[in-house]
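A.B. asks: Here it is, the structure in full.
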Amino acid sequence: MIKVGLILGIAGACRTDKLVNLTVDDIEDVGTSLIVRIPNTNTNIPRIFVVTDVGNMLELFRKYLSLRPPHVKHKCLFLYYKAGKCSSQPVGKNTVGKIPSVVASYLKLPDVACYTGHCLRRSSATLLADAGVDITTIKRHAGWKSTTVAEGYVENSIENKTKIANQVLVGTTTSAITKTVNVSESNIPSNINFENCTNVTFNLNVNK
């Protein structure tokens, strides 16, 4: 559940409650990708995002779905696991909201309590901003009406700040040196500073 929640949460910039309310009918497996529909959003505008076949993400989702007991009557996507078996009980908002802190604990990061459910949504927007995506695309992806929030991610983007620094100091723009955290590994380089919890992002290189 944690890996699938991490994939969907970051790929779709999802709030915790949106992940909790996802049903099996909201996700269409078209073979080469997953089409995810979020019908009820805070802006009353339905959102659609896609999970492409990067790494083994689709395989992980399909494996998770195959573990679903056939007798489950509801269609909630995320279910509790007990004694190594998938139960019919859907998970709640608190369980989904702990996904980032569970990942942070696995990576042995400090202050794991700082990694709340909102980290998934922030990570998605931060990754887009660091990739040089424009404000309009970030707004559409996350479902924001106002440009204020999206502008904050672009303004605080490490990629953007590096370009500005190069322009100020040497009068040119070079490629930024970026550092990512691979959630499949427990060894973290000592020179990465995680003190500012609000700017932490997770790489989606999820292994089995």
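The values are calculated or read from the model by the stated rules, or taken from the named source; none is laboratory data. Predicted model, so just to flag it, every value in this text is computed and none were measured. Cβ atoms come from the backbone with ideal geometry, glycine included; neighbour counts cover every protein chain shown.
A.B. asks: Just one of (1) charged (D, E, K, R); (2) closer than 23 Å to K63 by Cα; (3) touching a Cys at 6+ places or on another chain (Cβ under 7 Å) trips up K82, so point out which.
C.D. replies: Here K82 clears every test but (3).
A.B. asks: Search the stretch 131-156 for residues that are within 18 Å of I10 (Cα to Cα) and pair each with any residue that is exposed (fewer than 12 other Cβ atoms within 10 Å of the Cβ) when their beta-carbon atoms are under 6 Å apart and the residues are at least 6 apart or on different chains.
C.D. replies: From the stretch 131-156, the pairs are G143/T43.
A.B. asks: Give the residues of the stretch 4-29 that are among the acidic types (D, E) and under 17 Å from V54 (Cβ atoms), sorted by residue number.
C.D. replies: Selection gives D29 alone.
A.B. asks: For the stretch 55-84, what are the residues that are surrounded by fewer than 13 Cβ atoms within 10 Å (Cβ to Cβ) and in contact with a Pro (Cβ under 8 Å, 6 or more places away or on another chain)?
C.D. replies: Listed by number, the list holds a single entry, H74.
A.B. asks: Can I ask one more? Name the strands (runs of 3 or more DSSP E) wholly inside the stretch 1-74 in which the number of residues that are over 24 Å from T147 (Cα atoms), touching a residue at least 40 places away in the same chain (Cβ under 8 Å) and among the β-branched types (V, I, T) is 1 or more.
C.D. replies: Fully inside the stretch 1-74 and qualifying: 27-29, 47-52.
A.B. asks: Could you tell me how many of the residues in the stretch 142-177 are at pLDDT 75 or above, loosely packed, with under 10 Cβ neighbours inside 10 Å and among the small types (G, A, S)?
C.D. replies: Residues flagged as at pLDDT 75 or above, loosely packed, with under 10 Cβ neighbours inside 10 Å and among the small types (G, A, S) within the stretch 142-177 amount to 1.
Quick grid of which residues meet (1) hydroxyl-bearing (S, T, Y); (2) surrounded by fewer than 20 Cβ atoms within 10 Å (Cβ to Cβ); (3) at pLDDT 95 or above; (4) within 17 Å of L60 (Cα to Cα):
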| residue | (1), (2), (3), (4) |
| --- | --- |
| I2 | no, yes, no, yes |
| G5 | no, no, no, yes |
| G9 | no, no, no, yes |
| C14 | no, no, no, no |
| D17 | no, yes, no, no |
| N21 | no, yes, no, no |
| G31 | no, yes, no, yes |
| N40 | no, yes, no, no |
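A.B. asks: Shifting gears a bit: Taking the condition of a type in the set (V, I, T), touching a Ser or Thr at 6+ places or on another chain (Cβ under 7 Å) and surrounded by 13 or more Cβ atoms within 10 Å (Cβ to Cβ), does V112 pass?
C.D. replies: In short, yes.
A.B. asks: Quick one: which of S105, S123 is modelled with pLDDT of 85 or more and under 28 Å from I164 (Cα atoms)?
C.D. replies: Sole residue among the options that is modelled with pLDDT of 85 or more and under 28 Å from I164 (Cα atoms): S123.
A.B. asks: Quick test for you: out of K18, K82, K75, pick the one residue that is at negative phi and in contact with a helix residue (DSSP H, G or I) (Cβ under 6 Å, 6 or more places away or on another chain).
C.D. replies: Going through K18, K82, K75 in turn, just one is at negative phi and in contact with a helix residue (DSSP H, G or I) (Cβ under 6 Å, 6 or more places away or on another chain): K75.
A.B. asks: Considering only the stretch 85-101, state which residues are surrounded by 13 or more Cβ atoms within 10 Å (Cβ to Cβ) and at pLDDT below 85.
C.D. replies: Those that are surrounded by 13 or more Cβ atoms within 10 Å (Cβ to Cβ) and at pLDDT below 85: C86, S87.
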